[in-house]
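Remarks on the structure that follows.
Values quoted throughout were computed directly from the atomic coordinates according to the rules given, and no laboratory measurement underlies them. The model shown is predicted, which means the values in this text are computed figures rather than measured ones. Here Cβ is always computed from backbone atoms with ideal geometry, including for glycine, and neighbour counts include all displayed protein chains.
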Amino acid sequence: MHYFVTGATGFIGKRLVKKLLERKGTTVHFLIRQESAGKVAALRAYWGVSAARAVPVHGDLTRKKLGVSAEDIKKLKGEVAHFYHLAAVYDLDADEESQIAVNIDGTRNAVEFAKAIDAGQFHHVSSIAAAGLYEGVFREDMFEEAENYDHPYFRTKHESEKIVRRECKIPWTVFRPAMVVGHSVTGEMDKIDGPYYFFKLIQRLRQLLPPWMPMVGLEGGRINIVPVDFVVDSLDHISHQQRASGKCYHLVDPVGYRVGDVLDILSKAAHAPRMNLFVNAALLGFIPKAVKKGLMALAPVQRVRNAIMTDLGLPEDMLTFVNYPTRFDCRETLAALKGSGIACPNLRDYAWRLWDYWERHLDPDLHIDRSLRGTVGGKVVLITGGSSGIGLAAAHKFAEAGATTIICGRDQDKLDEACKEARARGYTFVAYSADIADMADCDRFLKELTLSHGSVDFLINNAGRSIRRAIEASYDRFHDYERTMQLNYFGCLRVTMGLLPGMAAKRKGHVVNISSIGVLTNAPRFSAYVASKAALDAWTRCASSEFADVGISFTTINMPLVRTPMIAPTNLYNNVPTLSPEEAADLIAQACIFRPVRIATRLGITGQVMHALVPRIAQIAMNTSFRMFPDSSAAKGDKGAKSQLSPEAMAMQQMMRGIHF
């Protein structure tokens, strides 16, 4: 038996051809463009057949009689028992012109070609979209009743089916698959479509929240999902039955789910927070259309919406169909499949396979270069305070990744030692001696930097000073606050504002500010340090808003305690778990690669939430730790004395990783 298939290279068509070729003695002729001839060998390998059984027919869907030569038409005339037309645009985001050319004109050309070769039967694979946005249950014997199909995708699906019904002169059958997802056994899928658009949102929720966290979901309309293997098996089985011409079959899930149910099932499959409470999206219908249209016309609303849609990879019209109103009757299909063993599996049973395949093969992040080399290679990176500690560890990381790495610091000997170490590792640093806290010296340094390197692509504001001393021990040490603010705030601002014009001119740049977990937890004994870092955080939030539309981004890292020379004078930290400078440098690398607004530990976020929700309890907790841990001997002015810790204090040291006491 001979078959002819259009769309044989597509997701459904490729698998249908494989299914047809499992029948003994069959030959499948498939339409393929001349420029795609190179795909034939791979297709035959996938189908596992010889050239004699899988025969390419060169043509073009958008041309009359599919653009097939008269010679090929003559060879095929009277030979093809079943003609399967699957070639179409299955994409909500496709432009209207291409959808008309392929879905409507292509179907007319396929019908014309099937008649020219005297095919035995014509099987048109339509879509449930042909029903438009019909309010209620759409039966298999319904077509003219379709309504609200103004959207190009719905309209072209409806019009292409109309062509088959009105113009096809040979026996025909229409199949309307629901939203087709991956294989129910392997999870295999070829593109992001339909419910896959929500996978990125679910993944983000999983990254941010524990799986036990209750979430509010969206109820929405009903959505019908079927796996590709069910569609292919049904097509193969029903199309070979002897039935009257003009029948239509809904290849749908008889159960069907609401949008909220689908999101909850997928969230469970992803081990993300479950949807425990649902809000019906139909409630949004009480907002007058004129009001919604007016809101969407506002530039800030448009920018926020576009940013969210782009970040999550959602097509422009996706949210239009959240309240999808149509349900589909499939009694004809169930009757045709009775006794065959073919049935649509329950989404709950194979959703985890869809998720697993998407995360390993289709996640857009997999195809983006997220390496540090891909981010900073060939770019100019400036690290203040780069001669030791976190700054030096980060400098090595950036230089290894191929960046032009500039470090600055006050101590020329340390800078020279750092450069020597870099050369020993096979790369170089560009070092400048500069005191960031001295405004005149800072201006001199920025002038030299600009003359030698132009603008900077990445600025790491790492230079800083920390003072651990209780306020009651600082009454006569106001200079502690002045010098801490001078470096941690004014110095960072002087450098940043000196480099922002160059970044703005290029419309790109990223600034990483090394802040502290103490800003989130309001750590006692660090009032001078935390205040200076909090000032920098506040300025950064303002700057982020001002420069958001010129390509300049900012990341604040609320760094936990790091084992650097800055904390060495405090013996109390000898038994406290800390990050190594290399681990801290990894956080800086992440800030440059992913450019988040903030990087913070869960401990820091917990402290911030406590101060926001239960401030009195947070104060009591921090005051308890304040009284539990004494000032260091250095803060007391007695460098020879050793601070004695209670057993409770020693236990808390081990419990609280990285918090500033």
Problem set entry | Net +/- balance of residues flanking ALA437 in space, Cβ distance below 11 Å, scoring K and R +1, D and E -1 | 0
Seminar exercise, completed: Two pseudo-spin positions, 7 Å from Cα along C-beta at ALA343 and at VAL550, lie apart in nanometres by 6.5
For this session: Could you please rank HIS367, HIS85, HIS361, placing first whichever residue has the fewest other Cβ atoms within 10 Å of its Cβ?
Result: HIS367, HIS361, HIS85
Seminar exercise, completed: Scoring region 37-196 by relative contact order with C-alpha pairs under 8 Å, at least six apart, yields a percentage of 22
Problem set entry | Within-12-Å neighbourhood charge of LYS414 [Cβ basis; K, R +1; D, E -1] | -3
Exercise. Residue by residue through region 251-258, which ³J(HN,Hα) values in whole Hz follow from phi under the Karplus form 6.51 cos²θ - 1.76 cosθ + 1.60 (θ = phi - 60°), with glycine and proline marked x?
Worked result: 8, 10, 7, x, 6, x, 9, 6
For this session: Report the charge-dipole magnitude of region 404-538 in Debye, nearest 20, computed about the Cα centre from +1 at each Lys and Arg Cβ and -1 at each Asp and Glu Cβ.
Result: 400
For this session: Calculate, for HIS240 and ARG373, the FRET efficiency according to 1/(1 + (r/R0)^6) with r their C-beta to C-beta distance and R0 45 Å; round to the nearest 0.05.
Result: 0.20
Seminar exercise, completed: The set of residues whose placed amide H lies less than 5 Å from the amide H of HIS29, leaving out same-chain residues fewer than 5 positions away, is TYR3, PHE4, VAL5, VAL55
Exercise. Modelled label-to-label distance, ASP363 and ILE617, 7 Å Cα→beta-carbon offset: nm?
Worked result: 3.4
Seminar exercise, completed: Dipole check, region 372-615, charges on Cβ (K,R +1; D,E -1), about Cα centroid: among ASN488, ALA543, PHE445 the Cα furthest to the positive pole belongs to ALA543
Exercise. Where does each of 376-389, 66-79, 201-214 land if you order them by average Cβ count within 10 Å, highest first?
Worked result: 376-389, 66-79, 201-214
For this session: Could you tell me which of rounded, prolate or oblate describes region 142-184, using a ≥ b ≥ c as the square roots of the eigenvalues of the alpha-carbon gyration tensor, with rounded for a/c under 1.5 and, failing that, prolate when a/b is larger than b/c and oblate otherwise?
Result: oblate
For this session: Pick out, from ASN522, SER388, ALA401, the residue whose Cα sits farthest towards the positive end of the charge dipole of region 372-615, with +1 on the Cβ of Lys and Arg and -1 on the Cβ of Asp and Glu.
Result: ALA401
Exercise. Any idea which of LEU133, TYR90, VAL17 is furthest toward the positive side of the dipole for region 1-177, if Lys and Arg beta-carbons carry +1 and Asp and Glu beta-carbons -1?
Worked result: VAL17
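Please report, in debye to the nearest 20, how large the charge dipole of region 372-615 is about its Cα centre when each Lys and Arg carries +1 at its beta carbon and each Asp and Glu carries -1 there.
460
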Problem set entry | For region 401-416, 3J(HN,Hα) per residue [Karplus equation, 6.51 cos²θ - 1.76 cosθ + 1.60, θ = phi - 60°, Hz, x = Gly/Pro] | 7, x, 8, 6, 9, 10, 10, 9, x, 7, 8, 5, 4, 5, 4, 4
Problem set entry | Residue exposure sequence - GLU582, GLU332 - by fewest surrounding Cβ within 10 Å | GLU582, GLU332
Seminar exercise, completed: Stretched fully, the stretch from LYS447 through ASP91 gains (0.36 nm per residue minus C-alpha distance, one decimal, in nm) 122.8 nm
For this session: Set the Förster distance to 30 Å, then compute FRET efficiency between ARG331 and GLU135 from the Cβ-Cβ distance, nearest 0.05.
Result: 0.90
Exercise. Between ARG507 and ASP190, what length in nm is gained on full extension when 0.36 nm per residue of separation is reduced by their alpha carbon distance?
Worked result: 110.5 nm
For this session: Report the calculated FRET efficiency for GLU400 and ARG483 (r = Cβ-Cβ distance, R0 = 22 Å), to the nearest 0.05.
Result: 0.05
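Would you mind working out the magnitude of the charge dipole of region 1-177 relative to its Cα centre, with +1 at each Lys and Arg C-beta and -1 at each Asp and Glu C-beta, to the nearest 20 Debye? Can you show the working numbers first?
Numbers: 26 positive and 24 negative charges, 245 e Å.
Here region 1-177 has a charge dipole of around 1180 debye.
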Exercise. Which ordering of TYR134, TYR427 is given by a fewest-first count of other beta-carbon atoms within 10 Å?
Worked result: TYR427, TYR134
For this session: With a point put 7 Å past each Cα toward its Cβ, work out how far GLN207 is from ASP356 in nm, to one decimal.
Result: 2.3
For this session: Return a whole-number percent for the relative contact order of region 339-432, with Cα pairs under 8 Å and 6 or more residues apart as the contact set.
Result: 22
For this session: Please work out how much length the chain gains when fully extended from ASP150 to ARG222, using 0.36 nm per residue of separation minus the C-alpha to C-alpha distance, in nm with one decimal.
Result: 24.0 nm
